[in-house]
1. Taking square-rooted eigenvalues a ≥ b ≥ c of the alpha carbon gyration tensor, is the chain rounded, prolate or oblate, where a/c under 1.5 means rounded and, failing that, a/b exceeding b/c means prolate?
2. Say each of ASP570 and MET651 gets a label point 7 Å from the Cα, pointing the same way as Cα to Cβ; how far apart are those two points in nm?
3. Using the Cα gyration tensor of the range 320-407, with a ≥ b ≥ c the square roots of its eigenvalues, what is the shape: rounded (a/c below 1.5), prolate (a/b larger than b/c) or oblate (neither)?
4. What is the angle, in °, between the Cα long axis of helix 589-598 and the longest principal axis of the Cα atoms in the chain? Nearest 10 is fine, range 0 to 90.
5. If you rank CYS448, CYS637 by fewest surrounding Cβ atoms within 10 Å, what's the result?
6. Near LYS401, which lysines are there with a Cα under 19 Å away, not counting those fewer than 8 places off in the same chain?
7. Treat every Asp and Glu Cβ in the range 320-407 as -1 and every Lys and Arg Cβ as +1, leave all other atoms uncharged, and give the resulting dipole magnitude about the Cα centre to the nearest 20 debye.
8. What share of all Cα pairs of the range 178-283, in percent, falls into each consecutive 5 Å distance bin?
Amino acid sequence: MKPPRAPRHPHIHTIHQDSRPDDYYWMADRHNPEVIEYLTAENQYFAEMMQPLYGLQEALYHDMRSHFPSLESSVPAQYGAYYYYWRINPGQEYRTYYRNAAEHRNALNPAWEEVLLDVNALAADHSGYLDVSTVQVSPDHQRLLYLENRDGTDRYTLHVVDLNTKREIDEPIPNVFIHASVAWDELAETVYYLGMDETQRPFRLYRHRIGGHGADELLFEEQDISFSLKLSTSRSGRYLFLSSRTKTESEVWYLSTRESSSPLELFQGRRAGILYELEHWQDRFLNLTNENAQNFRVLQVSADHPDPAQQSELIAHHPSRYLTALTPFQKGLVISGREAGLRQIWTYTDGSLKRLSWSEPLYTVQLGPNYRYDTDEVLISYQSLITPKTDYAMSLETGEKTFLRQEEIPGYDASQFHQERLWARAEDGTPIPISLVGRRDAFEHKPCPTILYGYGSYGASSDPTFDHARLALLDRGLLFAIAHVRGGSEMGYGWYQDGKLLNKRHTFTDFIDVAQYLVNQGYTTPQQLAASGRSAGGLLMGAIANMRPGLFAVVSAGVPFVDVVTTMLDASIPLTALEWDEWGNPADEKYYAYIKSYSPYDNVAAQDYPHLFVYTGFNDPRVGYFEPAKWVARLRCTKTDGNMLLFKINMSTGHFGTSGRLGHLRDRAEEYAFILDKLRA
C-alpha cells in the first residue's frame, strides 16, 4: 500500500508575503470532505503498516498490564469527619471516588465506605471518550461537584450532586474550563465557575446559587484576549482567589467565602513582568511574587487591611531556590519548589526554610491530597525512576516523616534497576541535566537501544518519576533518558526564560547536545537512538528531525505543535493569543523571522529523515489536528529517504488521547512497538 498524497491548494499568508505558498493550508477546514477523506486515508495506511507489528504490540500491552500496581488508589486523606480517596477497581478503566467515616480509621475497609462518584458508571452511559477532570466535595460534606467532558476539548460540563440522594441538583452547566475553574463558598450554597469564550479561553467568573432560579451572576470578565483566568480557594477556606494572568504578568482578586454576596476586591493591578499569587495564612495574605526576585520570594500583609504598600518580606529570594507554591496550614507553612534540578519541599520554621532530605540522587516529591487546614501532619508523595510512588505523613511540628505505604508493582524488583544523573555540555557551555534509567545489566552491555524524551516549554519540568508501563521497555534492554532542556524550569525560573521567545532555539540545541553526549559516552549509537515528545515536545521533535536527522533512528511526535508561524498568526485559533508571551507574536517582523527559523513545518527539507511516528486527536483545542496533518503531507512530498512515516488521527479524542487507563496503554504499546521495530530491539 502506498502512503497517501494530499492534494496541494496553494495559499499565501496575507500578513507576510515573503512566505512560500502554503500548499496544505486548506486542511484547517474540518468540515471540508476532502480533509476527512485525506485523514481517513492516513488512518488506513497506518493500520496497514502497523499490521505486521500486531504481535509485538500485544506482547508489550500485556507486559505493561502485568506491571499494573496491585492497588491503584490515592492515599486516604481526612477532611472533616471523613477520609476521602479514589480507587481503580480490578477490570475497570476509571476511578471510583469514596469516603469513609474518620472514626473507622481504616478508610479502605469496604464494609464502611460510601461511593461518591463512579466514573465507570458515567462511561457506561455513553460510548467513546470520557474525562472527569475535577471532583470536589462541599465544605458541609452534603454535596459534590464534578467536571465532565466527552469530546476531548477543554469545554467541560459542571454537575452538582446531592450526596444523600445521589441525584443531580439543578441543570448541568456547560462550557466550564477544564481545571482550576470551580470553587465552593463556605456555606456550600454557592458554586463559582469559569466560563470560556469561543477560543476556549477561561474569561468569565460566574456565581451559581444552588437551587436558585434565573441566570447565574457574572462577577468578572477579562476582555484582554492575551489574559486568562484561574480560580482557587485559600487553604483556610476563607477566601476565593481569582487570578488573571499571562505568562509574564498577573493580578489577583479576592472575595470572602463566608458571605454569599461578597464582592470581588483587587489586591494589586497587573504590571509588566510581575507575576504573583496569593494565599491566606492565620491573619495575613501571603504573596508569592517574582518582583525583584527571579526565583520568587514571599511577602506578607494583613488580611484585614491588605494594602500592597504595607507588605513585608517573609521569605527572601535565593538564586538557587525556585519557589513555586505555598501551602499554609493552621500550625505551619509548607513551600514547594525546585533546587538542584529537582522538586523540593521546605517547611518554614522560626523565620527559615528547612528542606526535606531524601536518600536517592534522583527523585520527585510533592504534596499529597491535604484537605484539612487544622491538621497536625501533611501527606507527601515521593517517587523516583526506580522507586514506585510512596506516601509519607510529615509532622508539622517536628518535620519527621512516617512511612504510610508504597505502590506494589507485580513482577518488579527495584534492585535490578539503576538510575543516574548525567550532565551534557550545551553548545554555549551551559550544563544540561539528564536523568537516565535502565536495568543494571543493560548498563553493563553498552551501547544500548535508548529512548530520549524531551519537552522544554512553558516552564513545565520533566521530572524523574516512576512509570510501571515503561518497565516493558527496560525489561527488553532499553535505556530511557530525559533531557531536561531549557524552556522547562528544572534549574529555576531563569531556565525557563532562557528557552522561550528569542531564546527558543536553546530547547532544540540542548536536546541535540544531550543526544550527542549519550552517543559520545557510549550509552547508545545513532542507529539505536529514538526521540520522543508530545505537544510542545512534539515541536521539539519536529525541530530536531530537521536540524540533525542523522542523529536519530526514529522520532515519535505526539499531538505536535509543528506549524508555529501560521498558528501564532491566527488569534481565532484556541489559545493562540495566550501563547504570544511564550513564542512571540509573528505579526512583529522580529519574531516572525525567528519563529520561521525553527518552525518544523516551514523547515521541511529535501533530505533524509528518521523513521517518524506521528499521532494526534481530531478534537484537540491545544494543537489543531491540521498542524501534524500539514507537516506529514509536506514531509511525504519532500523527504528523500525510504524510511517509514506513519500518521494516526484519533477522530474522537483531543489533546490527551484515548480515555481510560487501558486505552492509554494500548496507545503506548502501539508507539513502543513502532520504536522497537525500527531500533531492531
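Every number in this text was worked out from the coordinates using simple rules, so none of it is lab data. As the structure is a computational prediction, the values presented were derived from the model and not from experiment. Note that we place each Cβ from the backbone using ideal geometry, even for glycine, and neighbour counts take in every protein chain shown.
1. Rounded.
2. About 2.1 nm, to one decimal.
3. It comes out oblate by the Cα gyration axes.
4. The two axes meet at around 60 degrees.
5. CYS637, CYS448
6. Correct list for LYS401: LYS331, LYS354, LYS389.
7. 280 debye
8. Bin by bin from 0 Å, the calculated values are 2, 12, 23, 25, 19, 12, 5, 1, 0.
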